[in-house]
Structures are given as C-alpha cells and as structure tokens.
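Every number here is computed from the coordinates shown, using simple stated rules; none is lab data. These numbers come from a predicted model, not from an experiment. Glycine also receives a Cβ, built like all others from the backbone with ideal geometry; neighbour counts cover every protein chain displayed.
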Amino acid sequence: MRWILLGPPGSGKGTQAKRLAAAHNAAHLSTGDLLRAEVAAQSELGKTAKAFMDRGELVPDDLILKMIRARLEHMTNGGFILDGFPRTIPQAEELDRMLEEIGEPLDCAVLVSVGDDEIKARIAGRARLEGRADDTAEVIERRLQVYRSQTEPLVEYYRRDGRLVEVNGEQDIDRVYQDLETVVVG
Ligand code: AMP
C-alpha cells in the first residue's frame, strides 16, 4: 500500500496511520513526529522548525522536502503511509515527482474528514492529556486556518485525477479504521 492520509489536525489520522501501517507491514512516516524529534534533539532543523510549529504555521516546504526525500528512498519496500505530508500543493507536486522517479506512485490519498467544531473539542481534550505546546486555543485556531487555506486544496488536487478516497472521521475510532480497511480491499 502506498497511501497518504489527509485530514485536519485532530482528525485521528495519526492513530489510524500507525494501526494501518502495523497491520499491513508498511512504513509509517509522520512529518510532525520527525519534526518533534528534531526539536527534542535541538538540531538546526529543530530550532528553525520550532518557531513555526509553536505558532501553528507550516514549516517551509524546502526544509520538509529535504527531510522527507532521504527517508522515502529507503522505505518503499512493503509500502508506506504518509501522515501529515504533503501539506501544500508544492509538497504534493514534489512528492509525485519523487515517487515517479523511484517507480512507486501513490495508490490513493485518503481524506479523514472532520468538521471544525468536532476538531476544536478533540484538540482541547488532547492538549489536556499531552500538554503539547501547539494545542492552545489560539494555536488550534491558527492550525485550522492554515489547514483550510494551505492543505485543503490538496483534496481537489487528488480528486481531479481520481486518487481521492474519503472516509467519515467523525465516527468512533474503530469504525473509521474499518472504513479504511475497506478502502484497502478496494
Ligand atoms: P502534526 O503533528 O502533523 O500536526 O504537525 C505538527 C506541526 O509540524 C504542524 O503544525 C507544522 O508546524 C509542522 N509540520 C508537520 N508536517 C508538516 C508539513 N508536511 N509541512 C509543513 N509543516 C509541517
């Protein structure tokens, strides 16, 4: 399986991506997790990225693409699930180019759709549990705006050539997972 999972912050796509990857022996690649590791390691990339992440802004495309390129080349055996990447049209275009180069094109882009009110309630709950710096009310608001303006256009990008599949992310976690498994079966 070669998938990307798309969806707003708090859509549960991270949890679903991990479970799907484990069940199908695919690599799970989350740019958010990779960036948080860079921040924790206080690398140059981590220091630069942190300022954007703390404000709920996207980390610039060139940094993200550099970070992902090396990893993609090493993980195509058995397939992959990309989670939180791509997040902009230039990232999506570059991903298509990279995958074409290695002869491993995407099977599909799966949108886990969840409305704004539900997202805000969920992220507020997660902030209390995990204490993430980017889960405060203002930052949540900003991340949602950024999602709607910069990432949501990807839905059209993938729909246009028939690669988009949508599942209802407002259902309970197991039901969303079942729907995703149905997509795998085709
Ligand atoms: P996530 O865990 O996917 O919600 O990502 C947390 C934060 O990392 C985001 O709010 C962005 O600041 C940054 N980030 C993660 N993935 C990307 C990406 N593909 N492009 C730009 N910024 C990203």
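Of the set (1) crowded, with 18+ Cβ neighbours inside 10 Å; (2) more than 10 Å from the ligand (Cβ to nearest atom); (3) assigned to a helix (DSSP H, G or I), all apply to LYS50 but (2).
Filtering LEU99, LEU65, LEU6 for residues that are more than 27 Å from ALA137 (Cα to Cα) and touching a strand residue (DSSP E or B) at 6+ places or on another chain (Cβ under 9 Å) leaves a single hit, LEU99.
Candidates ALA41, ALA26, ALA70: the one that is of a type in the set (A, V, I, L, M, F, W, C), touching a helix residue (DSSP H, G or I) at 6+ places or on another chain (Cβ under 8 Å) and more than 11 Å from the ligand (Cβ to nearest atom) is ALA26. Residues in region 96-151 that are of a type in the set (Ser, Thr, Tyr) and within 15 Å of the ligand (Cβ to nearest atom) were compared, and the one that is surrounded by the fewest Cβ atoms within 10 Å (Cβ to Cβ) is SER149.
Within region 73-85, the set of residues being crowded, with 20+ Cβ neighbours inside 10 Å and either of a type outside the set (Val, Ile, Thr) or more than 11 Å from SER30 (Cβ to Cβ) (or both) comprises PHE80, LEU82, ASP83, GLY84, PHE85.
Exactly one residue out of LEU65, LEU99 is in contact with a helix residue (DSSP H, G or I) (Cβ under 7 Å, 6 or more places away or on another chain) and in a helix (DSSP H, G or I), and it is LEU65. Of all residues in region 124-147, those that are free of Cβ contacts under 8 Å to residues at least 24 places away in the same chain have Cβ atoms under 7 Å from Cβ atoms of residues that are part of a loop (DSSP other than H, G, I, E, B), 6 or more apart or on another chain, in ALA127/THR136. Residues in region 112-125: is at least one assigned to a strand (DSSP E or B), touching a helix residue (DSSP H, G or I) at 6+ places or on another chain (Cβ under 6 Å) and within 30 Å of GLU93 (Cα to Cα)? Checking region 112-125: at least one residue is assigned to a strand (DSSP E or B), touching a helix residue (DSSP H, G or I) at 6+ places or on another chain (Cβ under 6 Å) and within 30 Å of GLU93 (Cα to Cα).
Scanning region 53-62 for residues that are near the ligand (Cβ under 7 Å from one of its atoms) and not in a helix (DSSP H, G or I) gives GLY56, GLU57, LEU58, VAL59.
Exactly one residue out of ALA21, ALA41 is in contact (Cβ under 8 Å) with a residue 24 or more places away in the chain and more than 23 Å from ALA137 (Cα to Cα): that is ALA21.
For residues that are basic (Lys, Arg) and surrounded by 13 or more Cβ atoms within 10 Å (Cβ to Cβ), scanning just region 152-170, find the one that is farthest from PRO105 (Cα to Cα). The extreme case among them is ARG159. Count of region 163-186 residues, restricted to those that are away from the ligand (no atom under 16 Å from the Cβ) and touching a strand residue (DSSP E or B) at 6+ places or on another chain (Cβ under 9 Å), is 14.
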